[in-house]
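Note sheet for the following structure.
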Amino acid sequence: MPPAAAPGGGGLTRLRLDISYDGTDFSGWAKQPGLRTVCGVLEDALATVLRTPAHLTVAGRTDAGVHAAAQVAHLDLPTDAVPDEPSRLVRRFARLLPQDVRIRAFTPVPAEFDARFSALRRHYAYRVTAAESGADPVRARDTAVWRGPVDLAAMRQASAALVGLHDFAAYCRRRDGATTVRELQRFEWAEDGGGVLVAQVSADAFCWSMVRSLVGAALTVGQGRRPPRWMTELLAERERSSAVPVAPAKGLSLAGVDYPPDDELAARNRRTMDKRSPVEAERGRMEPGGCCGD
């Protein structure tokens, strides 16, 4: 949403923050009383340096233990609190912040830019090993371990069949009033050597626990416990399926968020904030290449 008026009648400047973090020692993104969270650490640091309250809006709130290589947030500040060259703040916060979180860039953006509602799609990567020796110690904090071996061809077949606009209720933890209709745009698996597999998952948006559930289901197929068609059959269900395991948080990382050009931000915000219609109606009103918001 566009920034409100600044206290005292002054102007506000909106900044985009590009952020990365190792989620191992955080209780997720969202602030929680008595817990160490990414948002809490960042807002405290921002308020200290900028000497004004800081409230971040984020592209995607990650769960406890989940990492981010390319998280995006925005922040509204009184214009007189913003340095002439906001990029200089990067070095200052590098000295102040703990080693497991970094602000990579501060960029002035139009008032219509909204880290959450302007997003076209989010990209996640999931890193997992089925090797008998487990994860390499150098990558142990971001590599999940799964009981192997797994059939990669079967996993690829099952994952590719889910791409498209569907109701992913079977793969989502329920939240009252939240839709589970999503456009899954990519679900691919690649080998990264040493028995490590990496899933690349992209969608217009994700519902709670969706990526880890998709990965857990694919790995179940890879173990031969379910046939590839099982993942597609689950799309007929309208509640979270107890048969779908949730893969460990440590393997998941937010890899990127895509946004439209500045002159399309307002239209994108309006579209995202529209309540999703059922899948059939949604398909009928989508433009080629378009996507929906959460």
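The values are calculated or read from the model by the stated rules, or taken from the named source; none is laboratory data. Everything numeric here is computed off the predicted structure, so don't read it as measured data. Here the Cβ positions follow ideal geometry from the backbone for every residue, glycine too, while neighbour counts run over all protein chains shown. What goes into the accessible areas is simple: the full protein's heavy atoms, side chains included, and nothing from ligands, DNA or RNA. Shrake-Rupley method; radii C 1.70, N 1.55, O 1.52, S 1.80 Å.
Observations on the structure shown:
- Lone qualifier among ALA47, ALA111, ALA64 - being touching a Pro at 6+ places or on another chain (Cβ under 7 Å), part of a loop (DSSP other than H, G, I, E, B) and surrounded by fewer than 19 Cβ atoms within 10 Å (Cβ to Cβ): ALA111
- So THR129, is it polar (S, T, N, Q) and surrounded by 19 or more Cβ atoms within 10 Å (Cβ to Cβ): yes
- Counted residues, the stretch 134-144 - those being open to solvent by 80 Å² or more (accessible area, probe 1.4 Å) and outside any helix (DSSP H, G or I): 2
- Test: PHE93 is of a type in the set (Phe, Trp, Tyr) and under 27 Å from SER202 (Cβ atoms): no
- Members of the stretch 230-268 found to be small (Gly, Ala, Ser), in a helix (DSSP H, G or I) and within 30 Å of PRO110 (Cβ to Cβ), listed by number: ALA266, ALA267
- Every test in (1) touching a Ser or Thr at 6+ places or on another chain (Cβ under 6 Å); (2) at pLDDT 95 or above is passed by ALA81 save one, and that test is (2).
- Just so you know, in the stretch 50-59 the residues that are open to solvent by less than 30 Å² (accessible area, probe 1.4 Å) and not in a helix (DSSP H, G or I) include one that is farthest from VAL101 (Cα to Cα), and it is THR52.
- Failed item in (1) in a loop (DSSP other than H, G, I, E, B); (2) at pLDDT 95 or above; (3) more than 13 Å from the chain's Cα centre (by Cα), with VAL128 passing the rest: (1)
- Residue in the stretch 221-231 that is open to solvent by less than 40 Å² (accessible area, probe 1.4 Å), touching a residue at least 24 places away in the same chain (Cβ under 8 Å) and basic (Lys, Arg) present: no
- Which listed residue, of ALA158, ALA203, ALA154, is over 18 Å from LEU254 (Cβ atoms) and crowded, with 21+ Cβ neighbours inside 10 Å: ALA158
- Residue match in the stretch 92-104 (condition: in contact with a Lys or Arg (Cβ under 7 Å, 6 or more places away or on another chain), under 30 Å from ALA266 (Cβ atoms) and touching a residue at least 12 places away in the same chain (Cβ under 8 Å)): no
- The stretch 17-44 - residue that is over 20 Å from SER253 (Cα atoms) and not hydrophobic (A, V, I, L, M, F, W, C) and, of those, least open to solvent (accessible area, probe 1.4 Å): GLU43
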